[in-house]
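> My questions will all concern the structure given below.
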Amino acid sequence: MMPLIAVLALAAGTYAFRLAGPALRHRLRLPGRLRHLLSVAATVLLVALVATSALTEGHGFAGWARPAGVLVAGILTLRKVPFPLIVVLAAATTAVLRLLGLP
């Protein structure tokens, strides 16, 4: 019963935050520099998450195959390849490297 209450409380809080944005849009003015810093902070957090996921497994290094797959995905993303193809090619790169014995 406790997890259900926690999930409902988090859902209510999330919904309240989503409603607060449009309601406070005209009352709260952020300076341009702060808006830019918030945008950069979101990008930095996303890159940190990708790096952590790509390079570590448990408490150690994930091996070279996974970062190679992430690198392939990054290159394909910059070339504007369709997302499903990016996923397939990155997974195939990792699988082939692991098949060849690269950890």
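> Could you go through the stretch 62-75 in sequence order and give the Karplus-derived ³J(HN,Hα) for each residue, using 6.51 cos²θ - 1.76 cosθ + 1.60 with θ = phi - 60°, rounded to whole Hz, and x for Gly and Pro?
Values per residue, Gly and Pro as x: 7, x, 8, 5, 5, x, 5, x, 5, 4, 4, 4, x, 5 Hz.
> If you don't mind, there's one more thing I want to ask. Springs between alpha-carbon pairs under 10 angstrom, Gaussian network model over the chain: which of L37, L45, L28 fluctuates most?
L28
> At 0.36 nm per residue, and after removing the present C-alpha to C-alpha distance, how many nm does the segment from A12 to L49 gain when stretched out fully?
Numbers: separation 37, 0.36 × 37 = 13.32 nm, distance 2.63 nm.
Taking 0.36 nm per residue and subtracting the Cα distance, the gain is 10.7 nm.
> Percent of accessible area on the stretch 1-53 owned by carbon and sulfur, 1.4 Å probe? All intermediate terms of the calculation are to be shown ahead of the outcome.
Values: 3750 of 4980 Å².
So the carbon and sulfur contribution to the accessible surface is 75 percent.
> Okay, next question. Mind checking which of G32, G69, G21 has the largest fluctuation in a GNM of the chain, springs on alpha carbons under 10 Å?
G21
> Taking springs between alpha-carbon atoms closer than 10 angstrom, which of R33, R66, R25 fluctuates most in the Gaussian network model of the chain?
The residue that fluctuates most here is R25.
> Over the stretch 1-84, what lengths in whole Å, largest first, do the semi-axes of the equivalent ellipsoid take, defined as the square roots of 5 times the eigenvalues of the alpha-carbon gyration tensor?
Values: eigenvalues 225, 107, 37 Å².
Values for the stretch 1-84, descending: 34, 23, 14 Å.
> I would also like to ask the following. Each residue of the stretch 15-31 in order: what ³J(HN,Hα) in whole Hz does its phi give by Karplus 6.51 cos²θ - 1.76 cosθ + 1.60, θ = phi - 60°, with x for Gly and Pro?
Here the 3J(HN,Hα) series is 5, 5, 5, 5, 6, 5, x, x, 5, 9, 4, 8, 8, 10, 10, 9, x Hz.
> Still on this structure, I have one more. Given a cut-off of under 8 Å on Cα pairs at least six residues apart, what relative contact order in percent is computed for the chain? Write down the numbers at each step before the final one.
Numbers: 43 pairs, mean separation 21.0, N = 103.
Answer for the chain is 20 percent.
> Another question, then. Set Lys and Arg Cβ to +1 and Asp and Glu Cβ to -1, take the dipole of the chain about its Cα centre, and tell me which of I75, A65, P3 lies farthest positive.
I75
> Can you tell me the length gained on complete extension of the stretch R25 to A62, counting 0.36 nm per residue apart and subtracting the Cα distance? Don't skip to the end; give the middle numbers.
Working: separation 37, 0.36 × 37 = 13.32 nm, distance 4.36 nm.
Going from the current span to full extension adds 9.0 nm.
> Give the accessible surface of the chain per residue, rounded to a whole number of Å², with probe radius 1.4 Å and ligands, DNA and RNA excluded. Could you put the intermediate results ahead of the total?
Working: 8580 Å² over 103 residues.
Here the per-residue accessible area is 83 Å².
The values are calculated or read from the model by the stated rules, or taken from the named source; none is laboratory data. What you see is a predicted model; the values in this text were computed from it and never measured. As a convention, Cβ positions derive from the backbone with ideal geometry for all residues, glycine included, and neighbour counts pool all protein chains shown. Keep in mind that these areas ignore ligands, DNA and RNA; they rest on the heavy atoms of the full protein, side chains included. Shrake-Rupley method; radii C 1.70, N 1.55, O 1.52, S 1.80 Å.
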